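The structure appears right after this line, and notes come after that.
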């Protein structure tokens, strides 16, 4: 299991009110070598993706004028479930 930084741990809330919901398990399309995390805005509830290097400083793209987030994708059903 990969080691996560405190800023990418689910439940972490950055100084702009953006909370980490989960690690999506997908790699970043804009920052190779980074993973995409699902964030939720504490002000408007918008959910979007962000790479691990941006979590600590993200602003919501809906209500705070932040950059467009990374695409959120869902994993398909696994072989055994």
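Applying the set (1) at pLDDT 95 or above; (2) in contact with a helix residue (DSSP H, G or I) (Cβ under 9 Å, 6 or more places away or on another chain); (3) not in a loop (DSSP other than H, G, I, E, B) to residue 36 leaves exactly one unmet item: (2). Closer than 17 Å to residue 9 by Cα, surrounded by 16 or more Cβ atoms within 10 Å (Cβ to Cβ) and modelled with pLDDT of 95 or more, is that true of residue 59? The answer is no for residue 59.
Evaluating residue 10 against the criteria (1) surrounded by 14 or more Cβ atoms within 10 Å (Cβ to Cβ); (2) at pLDDT 95 or above leaves one unmet condition, (1).
Matching residues to (1) in a loop (DSSP other than H, G, I, E, B); (2) in contact with a strand residue (DSSP E or B) (Cβ under 9 Å, 6 or more places away or on another chain):
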| site | (1), (2) |
| --- | --- |
| 15 | yes, no |
| 19 | no, yes |
| 25 | no, yes |
| 31 | yes, yes |
| 40 | no, yes |
| 49 | no, yes |
| 53 | yes, no |
| 61 | yes, yes |
| 64 | yes, yes |
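Screening region 20-53 for residues that are free of Cβ contacts under 8 Å to residues at least 12 places away in the same chain and within 17 Å of residue 5 (Cα to Cα) and picking the one that is nearest to the chain's Cα centre (by Cα) gives 27. The numbered conditions (1) surrounded by fewer than 16 Cβ atoms within 10 Å (Cβ to Cβ); (2) modelled with pLDDT of 95 or more are all true for residue 41 except (1).
The values are calculated or read from the model by the stated rules, or taken from the named source; none is laboratory data. Because the structure is a prediction, the values reported are computed rather than measured. All Cβ positions, glycine included, derive from the backbone under ideal geometry; neighbour counts span all protein chains shown.
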